[in-house]
Amino acid sequence: MTTQKFSSYKARPLKGIAQIPGDKSISHRSLMFGGLAIGETVIHGLLEGEDCIHTADAMRAMGADIICDDKGVWHCHGVGTGGLNEPTDILEMGNSGTSTRLLMGLVGGHNITVTFSGDGSLNKRPMGRVIKPLEQMGAKVMSADGGRLPLTITGPEDTLAIKYKLPVASAQVKSCVMLAGLSAAGTTSVIETTPTRDHTENMLRAFGVPVEVEDLEDGAQKISLTGGQDLKGTTVHVPSDPSSAAFPTVAALIVEGSEIEMRNILMNDRRNGIYTTLKEMGADIEFKNERIESGEDVADLIVRGTGSLKGIDVPASRVPSMIDEFPILAVAASCANGTTTMTGLEELRVKESDRLLMMFEGLKANGVDLEMGEDWLTIRGNGSPPTGGGEVETALDHRIAMSFMVLGMATSNPVTIDDSAPIRTSFPNFVDLMHDLGGNMMPKNS
Ligand code: S3P
């Protein structure tokens, strides 16, 4: 793989309307559920990033009929629950943890053998968290050391329904167990003590599979479904991704005088912690036309850069609702006035990279005053952007790469990343979109 260094230079005030690509979590699930459902599933607004293309390719390799028409609308004809075929080759999942963990769940409900492999980032990520419940459901798994990829999983002849309490707040683990449970005889339940994104629950219902959610006495929730049901094809309108929208949002906030609009942004309350946090920091973000589309809350956002962000304490209870947004929040905090504390961040260490470490080192290299602990980060902003001028390692992590490109839009010296290629996994038009708004980023030839 060739790498491409990229530099981001101080931007003029950002202006315009930015069309943010489709939500990654909903796109993955649309392809998986469409590839399983009986009848046609039509998907509008699918995110065509590399991660989702890996999901489409994997579902095709297991027998689903998935095409994109010349208008960019995706059509799936699925194989029915229990109908996935054994692929002839290894499934290469690239950088995508969501594809891998959810597809492992689907394979756990089929008596087929599948080998999953990934890139240098994915092959380091822990899979034990999904291997454990899948083994309880009857799957056999052989993995590389430490429960890592490459791994081979054979689904059982009869998948066992289980009741599984999540040891980590993870929508991927919850979804994996539920998807294996689709083939099990009886009711599979997942208990989560901290709410995580609920797209699997919402979308399975839209595909005709009842999912029950029960509030337990201790504040936890039990999510249950009964196996042996087919999904029915449906039409999905994928809203724009709030995690992707967070990058232009913070860019507009830290480049004074900016005013941008982003339409049709998913506002699911288990996803929008970054917007709550930025508002608490004093951000000028207006939510217009709040409405429900395809069963999800969406809104149009207007963001104005007034140069008045202040440091705050981010409550640890909010972490799951903004789990992917800490890198870009750290950029906002670096330009804010005062101290921002972030705690409960242990999961950041096992994302596409060790995000806590990558942000700490990258921000330090760009003149930010900060401290890091095992699961926390404290950033002391002085009310204006740091000096910049640093070169940052991105470790195959799209969100680290985009966060530092945004930082460079506000610093007086350019910020350089070692590789822009990972951005394609979730936000393929990021650079063009930022240019259209007034950003200035380009390849750096070393
Ligand atoms: C995702 C869940 C989150 C998130 C990831 C997408 C999903 O991971 O970080 O980008 O679509 O279910 P965890 O469930 O591991 O926290």
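Read the figures in this text as sums done on the coordinates, not as results from a lab. These numbers come from a predicted model, not from an experiment. Here the Cβ is made from the backbone with ideal geometry for all residues, glycine too, and neighbour counts use every protein chain on show.
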- Residues satisfying the stated conditions in the range 1-10, i.e. under 26 Å from Gly307 (Cα atoms) and either over 27 Å from the mean Cα position of the chain (by Cα) or surrounded by fewer than 16 Cβ atoms within 10 Å (Cβ to Cβ) (or both): Lys10
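Within the range 193-312, considering only helices (runs of 4 or more DSSP H) that don't extend past its boundaries, which have at least 3 residues that are away from the ligand (no atom under 16 Å from the Cβ) and surrounded by fewer than 21 Cβ atoms within 10 Å (Cβ to Cβ)? Outline the logic, then answer.
On the way: elements: 199-206, 242-254, 273-280.
Per the criteria, 273-280.
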